[in-house]
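The values are calculated or read from the model by the stated rules, or taken from the named source; none is laboratory data. In this text, all values refer to a predicted model and were calculated from it rather than measured experimentally. Neighbour counts are summed over all protein chains in view; Cβ atoms, including those assigned to glycine, are modelled from backbone coordinates with ideal geometry. All accessible areas refer to the heavy atoms of the entire protein, side chains included, with ligands and DNA or RNA removed. Shrake-Rupley method; radii C 1.70, N 1.55, O 1.52, S 1.80 Å.
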Amino acid sequence: MADGGWLDRFVDSLPTRGWFKFISNHLVVPLWAWREPTPRLPGGPRPATAPGDGLQRMMNLIMPLKEKTPIGRARVAVAIGQNLDALYTGLDNVGTIHFARFVIVDNNLCMMSVYDGDFDSYVRDFIVSIGNVFDAVLQFIEDADDVVPTRRNVEKFVAWVHARDVFQLPDFATDLFALQAAARRPSADGSPRPLTALPRAVILQLRANRNVSLGSGFRGYAGFSAAQIRQRLGIGW
Amino acid sequence: MSEVRLDNVQGNILRGYRGGLRHVRHMMLAVADPAAARRFLAAASRGGSVDVPAITRAPHWGAADPPACFNIGLTHAGLRALGVAEAMLATFPREFVEGMAERAVKLGDIGDSAPANWPAPFDRPDRIHLVATGYANSPGTLDAMQAAASRAFDVLGVRDGRARTERDVLGSDRDGDNLPARRVFFGYADSIAQPRFAVDGHAGSSSTRPLQPLGTVLLGYPTQLEGVFFRVPLSDELGRDGAFNAFRVMAQDVSAFEAYLDDAGEALLRLEQAGGPPLLPVDAEASFDRPIDRLGALREAVAAQMCGRWRNGTPVAVSPFHPLPAGSRKAFNDFDYRGATTCPAGAHIRRVNPRDGMIVQRNANYARQLVRRGTPYGPDFDAAQPDDRERGLLGNFLCASLGAQYEAVMSDWLNLGLSNPDVTGINDPLIGTNTPEMSVFDLRLADGLYHHLRGFPRFVTTRGGSYTFLPSLAAIDYLAALPG
């Protein structure tokens, strides 16, 4: 059939039709997910093989609030505000942080930061530097009671942050197949996936990870550590 | 915090045996019959058996060294195979649960060093349950230990169809043997700097280096990081006095290393003959500890700056232009990198142990220290007749947290150079994952400026390894008494 025939036009229009969207969301996607179990993938950047990939890594930590009300949001805002100087001094002492900021989105406290090096080391150095201050913030966060005090629960807190740091979709879209296959081990058959399976893989992953980072992010001056930039600016590292 | 009970601690954690015992064998064991394995552990802990070597404990030996030592480490799979309950297995940290092969990218085990290229028995990391290590002055004693182990475990890496007690097994192929003068391959004197602990008889050399808290290497004690405790696995009582170990088989390409030093020395000689800035002051070779020509001195200076020590152990931070006469190890250990040090930031020993020097991670100066126990394996190298036979180092890197210490050093300091902005993005020159196209090392010239050294390959390749837990004697007794 020639392009532009009525059937082509009909098929192309399906994604915009309400009945089709309803069936897709409530029937087809759950069926796919049942046929093709897709585990939730861990958050944060993945270990890097090239030294340059180990710099300026992004953390998007989403911490649901215990109290999901204006007062609850205000409580955590006050906890951050009262400790801001200590938090910023501590972040400075970690030495590998480019930027960090605290944001409230809906009923989540989010900590967005850009850091150098290994994720586990970053979180551990964070605990050493400001664990006692951050403990005061964690009292307002859901499912955080077991990790406080953080200095006595180092391994648990690293895992806790890892679980709440959002999954970063790979910069090369098809790399998602390998990540999914690794997560499905040993049941994954390891055979190559056709490119046409990519949209479905993305949908199933977004079903498992509601919040994601779309790639590893833009860098205005890639390949430099925080200390290298400070050194070049002559402001001490 | 009560005092450490040395009788509860395995001897190889706080003490090196290499001074008195020449030969080392690491036996990779699999549990085939859990009951037999547990009986072996019970006998090894109890001691006094003619069939099972006794676990060597930490109390000071006094004047007479024992004729042999024996210690064990368990993998996570090994703990499970012995019957440890799932709830107890879950108390171990993630990196130990996953194992060394799973952590390959973080450790720089990529390319030729990738676990997919590891030979047996490291090609099946899940099969390795227990790493038993024997130390003795005769291979026959090690054979007897292996024969004893083979009665309770499957000895992995044994070649098909051969009796397990014959010499022709992986164990004896890769026996560690001391080289003369406590050298390791590449020719450096080794085991000079180790953390010192305030424990009776274990303060190490007479160094004046600061004492480290026991939590640097033993579980259940305060760490270098104020207020920070690493999780004690199993239970507070059973996990206490244990340690974690990263065991590594590291092949060293001595021919490539010496050939590169030849090339670098000649290039530097040509540079200074053409009027370029010299690496060493005029006549520096006259101050060497042995007769040497200018070219020889230059190649030795390259080797020294890459390592941070001259090959006889003299720190470059102490003597930048020539080695000092081989003296006491104390003299070679009492230094730091404060101020304008003459040791390049990229030098191997400065990366792995920055001492008091300024580093980016301001809380981490002594926090990532490791106890290192290494023994060379393979035939000695004759520079007059270079060959490519496999040789290298059997390394044990002991610590209270593999993640916070061993992996943090490997990923952030050795392979990323994150501790100092002058070397960030540059791999360690000696053991980093280098390629001739990308490698670079900044040599410090006599005038204090730097010269980029390029084109060196990867000199060290990982051939296998395993993360193990070195349980306390109480924990070994617990494992030996498990039901089922």
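What the table below lists for this structure:
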| read-out | value |
| --- | --- |
| Residues (more than 13 Å from chain A (Cβ to nearest Cβ) and of a type in the set (Phe, Trp, Tyr)) located in the stretch B:370-415 | B:TYR377, B:PHE381, B:PHE397 |
| Complete set of residues in the stretch B:310-327 that are in contact (Cβ under 8 Å) with a residue 12 or more places away in the chain and open to solvent by 20 Å² or more (accessible area, probe 1.4 Å) | B:ARG311, B:ASN312, B:ALA317, B:VAL318, B:PRO320, B:PHE321, B:HIS322, B:LEU324, B:PRO325, B:ALA326 |
| The stretch A:91-111, residues that are facing another protein chain (nearest Cβ under 10 Å) and either assigned to a helix (DSSP H, G or I) or open to solvent by 10 Å² or more (accessible area, probe 1.4 Å) (or both) | A:ASP92, A:ASN93, A:VAL94 |
| Failed item in (1) surrounded by fewer than 16 Cβ atoms within 10 Å (Cβ to Cβ); (2) in contact with a helix residue (DSSP H, G or I) (Cβ under 7 Å, 6 or more places away or on another chain); (3) within 14 Å of chain B (Cβ to nearest Cβ), with A:GLU67 passing the rest | (3) |
| Residues (open to solvent by 40 Å² or more (accessible area, probe 1.4 Å), part of a helix (DSSP H, G or I) and away from chain B (no Cβ under 11 Å)) located in the stretch A:117-171 | A:ASP145, A:ASP146, A:ALA163, A:ARG164 |
| Selection within the stretch B:288-309 - part of a helix (DSSP H, G or I) and exposed (fewer than 15 other Cβ atoms within 10 Å of the Cβ) | B:LEU295 |
| Pair list, Cβ under 7 Å, 6 or more apart: the stretch B:175-194 residue of a type in the set (A, V, I, L, M), other residue open to solvent by 50 Å² or more (accessible area, probe 1.4 Å) and part of a loop (DSSP other than H, G, I, E, B) | B:LEU179/B:ASP380; B:ILE192/B:ARG329 |
| Number of the condition not met by A:VAL114 [criteria: (1) assigned to a helix (DSSP H, G or I); (2) more than 10 Å from chain B (Cβ to nearest Cβ); (3) in contact (Cβ under 8 Å) with a residue 40 or more places away in the chain] | (1) |
| Filtered residue count, the stretch B:114-145, keeping only those that are among the acidic types (Asp, Glu) and either surrounded by fewer than 20 Cβ atoms within 10 Å (Cβ to Cβ) or within 14 Å of chain A (Cβ to nearest Cβ) (or both) | 2 |
| Complete set of residues in the stretch B:209-231 that are surrounded by fewer than 19 Cβ atoms within 10 Å (Cβ to Cβ), touching a residue at least 24 places away in the same chain (Cβ under 8 Å) and closer than 23 Å to A:VAL147 by Cβ | B:PRO222, B:ARG231 |
| Residue in the stretch A:33-50 that is away from chain B (no Cβ under 14 Å), surrounded by 13 or more Cβ atoms within 10 Å (Cβ to Cβ) and not in a loop (DSSP other than H, G, I, E, B) present | yes |
| Leading residue by the ranking (nearest to B:LEU234 (Cα to Cα)) among those in the stretch B:85-99 that are outside any helix (DSSP H, G or I) and touching a helix residue (DSSP H, G or I) at 6+ places or on another chain (Cβ under 7 Å) | B:PHE92 |
| Hits in the stretch B:99-113 (condition: of a type in the set (Gly, Ala, Ser) and open to solvent by 20 Å² or more (accessible area, probe 1.4 Å)) | B:ALA101, B:GLY111 |
| Qualifying positions in the stretch B:5-36 - assigned to a loop (DSSP other than H, G, I, E, B) and basic (Lys, Arg) | B:ARG5, B:ARG15, B:ARG18, B:ARG22 |
| Of residues in the stretch B:359-369 being within 11 Å of chain A (Cβ to nearest Cβ) and surrounded by 20 or more Cβ atoms within 10 Å (Cβ to Cβ), the one nearest to B:LEU107 (Cα to Cα) | B:ARG368 |
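Yes/no matrix, rows are residues, columns are (1) among the charged types (D, E, K, R); (2) part of a loop (DSSP other than H, G, I, E, B); (3) surrounded by fewer than 23 Cβ atoms within 10 Å (Cβ to Cβ):
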| position | (1), (2), (3) |
| --- | --- |
| B:ASP412 | yes, no, no |
| B:ASN427 | no, yes, no |
| B:LEU443 | no, no, yes |
| B:HIS452 | no, no, yes |
| B:PRO483 | no, yes, yes |
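Condition check ((1) within 13 Å of chain A (Cβ to nearest Cβ); (2) in contact with a Phe, Trp or Tyr (Cβ under 6 Å, 6 or more places away or on another chain)) across all residues:
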site	(1), (2)
B:PHE230	yes, no
B:ASP241	no, no
B:ARG248	no, no
B:ASP253	no, yes
B:PHE257	no, yes
B:GLY265	no, no
